[in-house]
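Reading through the C-alpha cells given below for one structure.
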Amino acid sequence: MIPLDLTQINLGKIAHELVEHHKIAAVVSLYRHHTPPRTIFPRFDENLQQENLYELTWFGPTVEQQEAFNNIIDSTENGAEIIALLVVQACGYRVVKRAAALSGSDWIIVKNGEPENDFWKLEVSGIDRDGRPHDRLHRKLEQVASGELSRPGIAIVVRFSPPEIHFGESGK
Amino acid sequence: MSFFDHPRSQDSDRLAFMAELALKKGDRSTAKALYAQAAFAEEEVATLVPHDVPRVRSVLAIGTVSLWLRAEKSEEAERAAIKFLHVGGLTEEGRHDIKVLLERAWRETEVGKNVSDGGYAVPLTLRLVGGKVQRGAAPAGAVRTRQEAAIGLLYRVAERKRGLDFRLRGAPQINITEQMNVYEVPAVAASYGISLVVAGGHNVADPNDRLDLRDVVSSFLSYAAAANRGFDELVKVVGEETYARRFAVGFRNIAGDGSDVNSVQFFSEDPEINEKAPVALLDHRVRLVLSNALRRTGGPTPTRIFGRLRGVSLGRVTRVDILGDDGISYRCTTRTRELDDSLGQWLNKRVVVTTLPPQTDKNGKPLIHIVDIADPASELPADIEAEKPTQLGLRRFTGQVARSAPPGTEQLDDPRCHGPSVLAQVIRLF
C-alpha cells in the first residue's frame, strides 16, 4: 500500500495557489462519493493488470469549498490532476512545470536524479464516476504520443467512483 | 542549475494559472494582463538557458511565445519568436514549433485587420496524422476534401446555434455569412494542419445580435468529440437528428481513411476554448462506425454501387449520376430533395453509393434513392469484416457479394431485398 497525502502536499516549487486550488477540487470530488479520512485507489496498467494500491489521506471540504467547486467537470479535472501529481511523485518523478498549451501534455516532470533536459510529459484526465477509464487512458496515451514535444510521456486517468487510477507510459 | 525551478519560471506558472482563473470568471481583460506578465517572466528565464540544454530552452521559448499569444499581444509574440529563432540553442522540433507560433502571430495580425470593431477571430486546427502525411506535406486531395467538409460544418453549426431550420441545399443565409467568415491560413503543424480562422463579418446589422463565434467553434469541437463516440451520442449532443446526420456525414468524411491519413485531431488554440473543449480525434474506426450508422435505413436493407460520380443535376429533383465499376450508368435521386453539402467534392472520384432497393415511379421509370455517398475508404475492409466486427463496435454486415451480382454492386444478405440482379436490370438508363 503506497500512501498519498492530500493533507500535506509538497510539490516543490509548483505555485502554491495552484496546489491549494487543485487540492480543494480533489477533496470536493472525493467527498461526492467517499468519506474522509482515507480512500483506497487500486492502480491498473494499460493492460488492466492491477499493480498497486494507493491509500489517499484527505480531509472533508467545508460547505464554502463545496459551493465554490460545484462545477463537477472542473473539479474532477483539477482534482484528478493533483492526485496524479502525487502519484508520479511517489513513482520517483519531480513535477517541474505546467506544459504549454497543445504540447500534448499537462505537465512536465523529471525523473529523480536525471537532468532536466531529459524531461517527461504527463497527461492527466479525471472521471467523476463510472465511465471507461481504460479507454480514456488509451486516448490520453495517443494524445501524449502525438503532441508537439517529442518526449516520452505518462498518462494517468483518475476515477473517483469507484476509485481507480489507470497508468500508462508512451515512449517516443 | 535548474531552470524549471527558477523563481521567475515559477512566477510565470503562477501568473498563467491566475489568468486561467480570471478567464473562467469571464474577466478577459485581467486574464490578458496576467498572461502578459507570465510571458514576460517566462521570457526572462528562457533567455538565461544555455544552448547545451536545448530541450529546456525550447520548452521555455515555446511557452513564452504561447503566453504572448494568450495575452493577445501578437507583436510581442512575433518579436520573441524571431529572437529565439535568431539566437538559436533550440531543438529542431522546438524551432519548428516556434515557426508555427510565429505563423500564427502573423495571421492573427492579418485576420485582425479584417474583423469589424469589437469583433474577434477564433482559430481552429485540424491536424492530419499518419498515413501519407509528412511534416508540412500531405496528399492534396486528402487536405482539400477535409477542409471543404470542415468549412461546411462550421456554417452548419452556426445555423444550428441560431436555431434555424435545417437547410436542404444552397448556401448559408446572408444573416449567417455577414456575421461569420472562415479564413484559410497557412497550414503548419507538427504533422500537417488545416488551419482555419473563424472571424466576425463587417456588416452586422445589430451588434447585440452577434453570433458567438467561440460558441460556434467550441460546439464544432464538442460535436467532433461526440462523433468519436458514435452516431447516437452525436444525436444526443446536437439535439436534432437531421442536423446530427449532416454532422455525422461531415465528420465521417474528415476522419482518418486508413491510407492517406490515419487520424485527424481537432483543436482550437483559443485559450478559452482550449480550456474547455476536449481534443477530439477521429480515426478510421470512427469513419467506419459513422458510415455504418448513416446507412441504417430503418427498413429495407440497402444496396451498394461502386463507381465514379459523374454528375449532379440540380433540377426540381436532385439527380446524381454514377458510372459503375461494372460499366453501367446509374441515375439516382435523394430521398428528401436534400443536397448533401459534401457532394461536390466527390465529382469524378470513385465513390461507394448506398441506396435503397430500386423502385419505379408512377410512370414506370426506375427510382433509386440514395442513402449515403462516401469515399470507398468508408467501407469495411474484408479482413476487418471477417475478424473484428465486435471490436470495432459495428453492426456486422452479414452478407457477401451475391453470386449473381454484377461487378460493382454488392448485395447485403437480407431476404427482403430485391437482389442485385434486379437492380442491374432496372437501372440501365443511358
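As a test of the definition: which semi-axes, in Å, follow for chain A when you take the square root of five times each eigenvalue of its alpha carbon gyration tensor? Largest first, please. Walk me through the numbers before you get to the answer.
On the way: eigenvalues 116, 62, 47 Å².
Each semi-axis is √(5λ); the values are 24, 18, 15 Å.
First select every other residue whose beta carbon is under 12 angstrom from the beta carbon of A:GLY12; then total the charges, Lys and Arg +1, Asp and Glu -1.
+1
Given an 8 Å cut-off on Cα distances and at least 6 residues of separation, report the relative contact order of region B:1-126 as a percent.
20
Filter the DSSP H helices in chain A by two things, a Kyte-Doolittle mean of at least -0.5 and an axial alpha-carbon span of 18 angstrom or more, and list the hits by number.
Membrane-span-like by this rule: A:16-31, A:72-90.
What is the order of B:TYR155, B:TYR35, B:TYR192, B:TYR183, fewest Cβ neighbours within 10 Å to most? Walk me through the numbers on the way to the answer.
Values: B:TYR155 20, B:TYR35 27, B:TYR192 23, B:TYR183 17.
Starting with the residue having the fewest Cβ neighbours, the order is B:TYR183, B:TYR155, B:TYR192, B:TYR35.
How high is the relative contact order of chain A, in percent, with contacts defined as C-alpha pairs under 8 Å that are six or more residues apart?
Taking the mean separation of contacting Cα pairs over the length of chain A, I get 23 percent.
How do A:LYS13, B:LYS365 rank when sorted from fewest to most other Cβ atoms within 10 Å of their own Cβ? Working shown, then result.
On the way: A:LYS13 18, B:LYS365 11.
Least crowded to most crowded, the residues run B:LYS365, A:LYS13.
Could you work out, residue by residue across B:61-72, how many beta carbons of other chains sit within 10 Å of that residue's beta carbon, and then give the average as an integer?
What the average comes to for B:61-72 is 2.
By the scheme Lys and Arg +1, Asp and Glu -1, what is the net charge of all other residues having a beta-carbon under 12 Å from that of A:ARG43?
Computed value for this residue: -4.
Quick one: net charge around A:PHE119, please, counting Lys, Arg +1 and Asp, Glu -1 for every other residue with C-beta under 11 Å from its C-beta.
Overall, the nearby charge balance is +3.
For each of B:TRP68, A:TRP107, B:TRP106, A:TRP58, count neighbouring Cβ atoms within 10 Å of the residue's Cβ, then give the residues from fewest to most.
Neighbour counts put them in this order, fewest first: B:TRP106, A:TRP58, A:TRP107, B:TRP68.
Any read-out appearing in this document is the output of simple, stated calculations on the displayed coordinates, not a laboratory observation. As the structure is a computational prediction, the values presented were derived from the model and not from experiment. Because the Cβ atoms are built from the backbone with ideal geometry, glycine has one as well, and the counts that use them run over all protein chains shown.
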